[in-house]
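The values are calculated or read from the model by the stated rules, or taken from the named source; none is laboratory data. Not measured: the values here are computed from a predicted model. Virtual Cβ from ideal backbone geometry, glycine too; neighbours counted across all protein chains shown.
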Amino acid sequence: MPEILSKDIQYIKGVGPNRATLLNKVGIFNLKDLITYFPREHEDRGKIKNICDLEDGEEALISGFPTGRINEVRIRKNMLISKLTVRDETGTCQITWYNQSYLKKSIRQDIRYKFYGRVTKKYGRPEIMSPVFESEDANKNTGKIIPIYPLTYQLTQNTLRKIIEEGLKEVNGQLEETLPQYLLDKYNFYDYSTAINQIHFPSDFDSFNKAKKRLVFEELFSMQLALLSLKNKYEIKKPGIEFSKDAKMSDVIFKLPFKLTKAQLRVLEEIDKDMESSKPMNRLLQGDVGSGKTVVALIAAYKAVKSGYQATIMAPTAILASQHLETFQDILKNSGITCELLISGISKKKKEDILKRLENGEIDILIGTHAILEENVKFKKLGLVVTDEQHRFGVRQRSTVVQKGNNPDVLVMTATPIPRTLALILYGDLDISIIDELPPNRKKIETYAVTKGMEFRVNNFIAKNIEEGRQCYIVCPLVEENEEIDAKSVMEIYENYKNKIFPNYRVEYLHGKMKQKEKDSIMEEFKNGNIDILVSTTVIEVGVNVPNSNIMIIENAERFGLAQLHQLRGRVGRGEYQSYCILKYQGNSQIIKQRMKVISSTNDGFVISEKDLELRGSGEFFGTRQHGIPEFKIANLFEDIGTLKVVQEIAMEIINEDPLLEKKENIKLKRLVDDKFKDRIDI
C-alpha cells in the first residue's frame with residue numbers, strides 16, 4: 001500500500017481529532033479507508049424541473065425566486081415551522097422547514113435559489129419539506145450527481161462529502177493500479193484512479209456504472225483469488241492419510257438407536273471417499289440446526305479410530321463439548337473406543353492425566369474447546385480434526401490443531417445455512433457437503449410475529465406452559481442500554497420479568513460479558529430444569545439441547561437478521577413437546593413486515609438465508625466478524641451473483657496456471673491479495 005494511503009484520518013484537511021473519532025466509528029482510520037468508503041446511493045440533482053411538472057412522491061430539483069418573506073409559526077416551545085413560497089416561470093411551490101430560525105435572515109427575495117427534496121402534493125399544490133438548497137450560481141450540493149453515504153451519529157452528508165473531496169485531492173495522481181493490464185483491456189475497465197473518483201463524484205450515471213462495475217469485480221475477484229490460493233496451499237502439501245477401507249462406517253450406523261436420513265447417508269459417503277483417498281480432506285459440512293451433523297462427525301471419528309488414528313472434536317463452548325461427549329460415549333460405549341473431555345474448567349490433576357494418556361495414545365477421541373489449541377496438548381497419532389460451528393474457529397486456529405498431527409483430515413461443521421451458489425464461492429478453500437433434510441421426528445416450530453399490543457397474551461401463554469412443566473428462553477439484542485440504539489437490555493428485561501411479570505417463577509440471565517464458568521453454570525442449571533425462564537443475549541445461539549424448553553421469545557426481533565433468528569429458533573423444538581418461537585417486533589416499515597412474514601412462514605434455513613441476503617444485502621448477512629471474510633465495501637452478493645460466477649472462473653484459470661501468482665503479469669494480483677487479506681482472512 002502506498003505510504004500516502006496509510007496517512008491518519010485526523011490529518012486530512014477538515015477532520016481533526018473530534019471528527020476523526022466519528023469517522024473511526026464507521027471504520028475510517030486512514031486515507032485508504034476514506035477513499036474506499038463508498039456511497040450507498042447517488043441522487044441526480046442535476047436536472048431542474050418545472051414546478052408545473054412536479055409529481056407527488058418524487059425527488060426533484062426546482063429553481064425559483066421567493067415570492068415574499070419566510071412566514072414562521074411556533075406550534076409549541078421546541079417546534080418552529082418556517083414556510084416560504086417560491087415561483088418559477090410555470091407555477092408556485094411551498095417550501096417548509098422545521099426549527100430553522102436562522103433562515104429568516106439568510107434567504108433574500110432578489111436571489112434565485114435551487115431546492116432539492118421530496119415532493120408532496122396537497123390539494124394539487126406541490127410542497128417540498130426540509131430541502132437541500134443553495135443560490136442558483138452555486139453547485140456544491142445541487143446541479144450534479146451527489147453521493148449519499150452511510151452515516152454515523154453527528155456526521156452530516158455535507159461534512160463527509162467535503163472530507164472525501166479533500167481525501168481525493170490528496171491522492172490525486174498517486175494511486176497505483178491494482179489490476180493487471182490484460183484484465184483492464186479484456187473488460188474495458190476504468191483505471192483504478194478514475195474508478196475511485198467516478199464512484200464518489202460521477203460525471204454522469206454511465207461513468208458511475210462503469211466505475212462500480214470495475215470496483216465490484218476487483219473486490220470479488222481478490223476474495224476468490226485469496227480463497228483459491230488458500231485451498232491450493234492445502235493441496236500442494238504432502239499427501240494426507242489414507243484411512244482403511246476395512247474400517248467400515250456401516251458398523252456403527254447399524255448400531256444407532258435411530259435411522260439416518262438420506263442426506264446424512266449421502267454426506268457420509270462423500271466423507272468416506274475423502275478419508276480413503278490420499279488427498280487431505282478439507283470439507284465444510286453445512287446443515288440446518290438439528291439436522292444431525294454431530295452424528296456424522298461421530299461416524300467419521302469412528303472410522304479414523306478404527307483405522308488406528310486419533311480424532312478430535314473442537315466445540316465453541318464447554319457446555320456444547322460436554323453434550324458431544326455424552327452423545328459419543330452413549331453411542332460408542334461397546335466399541336472399545338475411549339472418549340475424553342478437555343475444557344478449561346477441569347482440575348489440574350485431571351488435565352495432566354488426560355494430556356499424558358492422549359500422548360500415549362490411550363485416548364482415541366478428544367472432545368473439547370479452545371483448550372485443545374494449547375501447546376501442551378499432544379496427540380500420538382492425530383488423524384481427524386472436526387471443528388463445530390466453524391465461524392468461531394478461524395483458519396489460524398484450525399491450522400494450529402492440524403499441526404498437532406501429520407496432515408490430518410479436516411471436517412468443518414456449521415449450522416449457518418448459506419445458499420449453495422454462495423457457499424461454493426465463499427468457501428473456495430473447502431469442499432462442501434450439505435445435510436438438507438431434518439430427521440423425521442422433528443416437529444415444526446410454530447412461529448408468530450407480534451407487536452406490543454399482544455404482550456399480555458404472550459405472557460399468559462408463557463405462564464401456561466411453565467405450569468405444565470416447560471421452560472422458556474427470552475432473547476434480547478443488547479447487554480446494556482446504548483444511547484444510540486433504542487433496544488431493551490438483558491438486565492432491564494430480566495428485572496422486569498423477575499420482579500413484575502413472573503415473580504413466582506425462577507428467572508435467570510445470561511450474556512456474553514459474563515465469565516465462561518458463570519455462563520456454563522447457568523446453562524447447566526437451565527438444562528437440569530432448575531430455571532424456568534432464561535433471559536439471554538445471542539450467546540445461546542450456539543447452545544445446548546434442552547429438550548424441556550419449548551418457548552423462545554425474541555425481543556426487538558427486527559434488530560436481528562433472518563438467518564440469526566432462524567438459528568436462535570433452533571434452540572427449541574428439541575424434545576417431544578410442541579415448540580413455539582414468538583418474535584416481538586417494533587416498527588411498521590415494509591421491510592420489517594416482510595422479514596417477519598418470511599421467518600413465520602418457513603422453517604427451511606436455506607430458503608431463509610436466500611431471502612435474508614435479498615432483503616439485507618451481503619454486508620449485514622455475512623457480518624464479516626462471523627464469517628471471517630473481509631468486508632464487502634461495494635459488492636452485494638445478491639445483486640452481483642453474476643459477477644461472482646465470472647470472477648470465480650477467471651480466478652480458477654489464473655491459479656491453475658500460476659498457483660503462487662509469481663508470473664510477471666500477475667505481480668499486481670499478488671499484491672492485491674496480500675493487501676486485502678493479509679492477517680485478516682479467518683475463514
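Restricting attention to segment 1-20, report how many residues are surrounded by 14 or more Cβ atoms within 10 Å (Cβ to Cβ) and not aliphatic (A, V, I, L, M).
The total comes to 3.
Might you let me know whether segment 62-69 holds any residue that is closer than 21 Å to Asn158 by Cβ and more than 42 Å from the chain's Cα centre (by Cα)? Step through it out loud before you land on a result.
Of segment 62-69, the ones closer than 21 Å to Asn158 by Cβ are 62-63.
If we keep only those that are more than 42 Å from the chain's Cα centre (by Cα) as well, we get 63.
Yes, segment 62-69 contains a residue that is closer than 21 Å to Asn158 by Cβ and more than 42 Å from the chain's Cα centre (by Cα).
Just one of Ile107, Ile81 is out of contact with any helix residue (DSSP H, G or I) (no Cβ under 7 Å at 6 or more places or on another chain), surrounded by fewer than 17 Cβ atoms within 10 Å (Cβ to Cβ) and without any contact (Cβ under 8 Å) to a residue 60 or more places away in the chain; which is it?
Ile81
Pick out the one residue from Asn50, Asn30, Asn78, Asn24 that is under 30 Å from Pro202 (Cβ atoms), polar (S, T, N, Q) and assigned by TED's automatic domain parsing to the domain that holds Val119.
On the way: Asn30 fails: assigned by TED's automatic domain parsing to the domain that holds Val119; Asn78 fails: under 30 Å from Pro202 (Cβ atoms); Asn24 fails: assigned by TED's automatic domain parsing to the domain that holds Val119.
Being under 30 Å from Pro202 (Cβ atoms), polar (S, T, N, Q) and assigned by TED's automatic domain parsing to the domain that holds Val119 holds for just one of Asn50, Asn30, Asn78, Asn24, which is Asn50.
Among the listed residues Ala226, Ala211, identify the single one that is closer than 30 Å to Asn636 by Cα, without any contact (Cβ under 8 Å) to a residue 60 or more places away in the chain and of a type in the set (A, V, I, L, M, F, W, C).
Step by step, each of Ala226, Ala211 is checked, and only Ala211 is closer than 30 Å to Asn636 by Cα, without any contact (Cβ under 8 Å) to a residue 60 or more places away in the chain and of a type in the set (A, V, I, L, M, F, W, C).
Among (1) surrounded by 15 or more Cβ atoms within 10 Å (Cβ to Cβ); (2) within 16 Å of Glu58 (Cβ to Cβ), which single condition is Glu136 missing?
So Glu136 meets the others, but not (2).
Assess whether Ser291 counts as being surrounded by fewer than 17 Cβ atoms within 10 Å (Cβ to Cβ), modelled with pLDDT under 90, under 36 Å from the mean Cα position of the chain (by Cα) and not assigned by TED's automatic domain parsing to the domain that holds Val546.
No, not satisfied.
Taking Lys380 as the residue in question, decide whether it is surrounded by 14 or more Cβ atoms within 10 Å (Cβ to Cβ) and more than 23 Å from Val295 (Cα to Cα). Talk me through it step by step, then tell me what you get.
Working: surrounded by 14 or more Cβ atoms within 10 Å (Cβ to Cβ): yes; more than 23 Å from Val295 (Cα to Cα): yes.
Yes: the conditions hold for Lys380.
If you take the residues of segment 192-208 that are surrounded by 15 or more Cβ atoms within 10 Å (Cβ to Cβ) and touching a residue at least 60 places away in the same chain (Cβ under 8 Å), which of them is farthest from Glu218 (Cα to Cα)? Spell out the reasoning first.
The initial filter retains those residues of segment 192-208 that are surrounded by 15 or more Cβ atoms within 10 Å (Cβ to Cβ), namely 192-202, 207-208.
Checking the rest, the ones that are also touching a residue at least 60 places away in the same chain (Cβ under 8 Å) come to 196, 199-200, 202, 208.
Details: Ile196: 12, Ile199: 14, His200: 17, Pro202: 19, Phe208: 15 Å.
Of everything passing the filter in segment 192-208, Pro202 is farthest from Glu218 (Cα to Cα).
Identify the single condition in (1) among the hydroxyl-bearing types (Ser, Thr, Tyr); (2) within 40 Å of the chain's Cα centre (by Cα); (3) surrounded by 14 or more Cβ atoms within 10 Å (Cβ to Cβ) that Tyr98 does not satisfy, given that it satisfies every other one.
Of (1) among the hydroxyl-bearing types (Ser, Thr, Tyr); (2) within 40 Å of the chain's Cα centre (by Cα); (3) surrounded by 14 or more Cβ atoms within 10 Å (Cβ to Cβ), only one is false for Tyr98: (3).
Exactly one of (1) touching a Leu at 6+ places or on another chain (Cβ under 9 Å); (2) assigned to a helix (DSSP H, G or I) is unmet by Gly290. Its number?
(2) is the only condition that Gly290 fails.
Looking at this structure, is Ile199 β-branched (Val, Ile, Thr), in contact with a Lys or Arg (Cβ under 7 Å, 6 or more places away or on another chain) and within 30 Å of Gly16 (Cβ to Cβ)?
Details: β-branched (Val, Ile, Thr): yes; in contact with a Lys or Arg (Cβ under 7 Å, 6 or more places away or on another chain): yes; within 30 Å of Gly16 (Cβ to Cβ): yes.
Yes: the conditions hold for Ile199.
Go through segment 427-514 and tell me which strands (runs of 3 or more DSSP E), entirely inside it, have 2 or more residues that are at pLDDT 90 or above and surrounded by fewer than 20 Cβ atoms within 10 Å (Cβ to Cβ).
Ranges flagged: 446-450.
Just to be sure, is Arg161 in a helix (DSSP H, G or I), free of Cβ contacts under 8 Å to residues at least 60 places away in the same chain and assigned by TED's automatic domain parsing to the domain that holds Lys25?
Judged against the criteria, Arg161 is a match.
When you scan segment 122-133, how many residues do you find that are closer than 23 Å to Phe205 by Cα and assigned to a strand (DSSP E or B)?
So the answer is 2.
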